[in-house]
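The values are calculated or read from the model by the stated rules, or taken from the named source; none is laboratory data. The model shown is predicted, which means the values in this text are computed figures rather than measured ones. Virtual Cβ from ideal backbone geometry, glycine too; neighbours counted across all protein chains shown. Surface areas here come from the heavy atoms of the whole protein model, side chains and all, with no ligands, DNA or RNA. Shrake-Rupley method; radii C 1.70, N 1.55, O 1.52, S 1.80 Å.
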Amino acid sequence: MNKISLVYYSSTGNTYSMAKAIEEGIIEAGGKVTVYKASEMNKDDILSSDVIAMGSPAMGAEVIDENYLLPFMEEDGPKFKGKKVYIFGSYGWGGGEYADNWKAQLEGFGANIVAMPILANEEPNEEELAQLKEIGKKLVTI
């Protein structure tokens, strides 16, 4: 069974709701997950995981969380090589382009993106939450 870490940043609660849906899916599938708020993450533990799920809303000029996740990516990018990674998040303007850039950055580090990101425009709807729960279930066995 995979060691799974789930790290997220949420300023309004939208990305938190998405992270909870993924966590629920992992637990329902019999998996175990360590969940971190971005401000409290243990980078070494996360990077030692088989699967890393990361969530962030769009910030500023369509980038991921600039206080915790972006520095994590910039400082530890090469350590993502060969890692199975899933990203998700929410946005309130634009069209979620930040996730395309984030995905490309991770792929540039050599990460294996395990599924297309699910993005919510503002608050996630029931369908998006159900899809995230299914992603959580899949993370247990990929």
Inset, instruction - Whenever you get a sec, compute what percent of the accessible area on the chain sits on carbon and sulfur atoms (1.4 Å probe). - result: 47
Legend entry - Charge dipole (debye, nearest 20) of the chain; +1 at Cβ of Lys and Arg, -1 at Cβ of Asp and Glu: 620
Inset, instruction - Classify the range 18-80 as rounded, prolate or oblate, taking a ≥ b ≥ c as the square roots of the eigenvalues of its Cα gyration tensor: rounded when a/c is under 1.5, otherwise prolate if a/b is larger than b/c and oblate if not. - result: oblate
Legend entry - GLU107/ASP50 FRET efficiency (R0 30 Å; Cβ-Cβ; nearest 0.05): 0.95
Inset, instruction - Mind ranking 121-132, 58-69 by how tightly packed they are, going by the mean number of other C-beta atoms within 10 angstrom, highest first? - result: 58-69, 121-132
Inset, instruction - Enter the accessible area per residue of the range 1-56 (Å², integer; probe 1.4 Å; all protein chains in place). - result: 43
Legend entry - Label-point gap, in nm, between GLU24 and ASN2 - each point 7 angstrom along Cα→Cβ: 2.0
Inset, instruction - Tell me which label goes with the value of log10 I(q)/I(0) by the Debye sum over Cα atoms at q = 0.09, 0.16, 0.18, 0.22 Å⁻¹ computed from the coordinates here: (1) -0.33, -0.83, -0.98, -1.32; (2) -0.69, -1.04, -1.12, -1.29; (3) -0.22, -0.74, -0.96, -1.51. - result: (3)
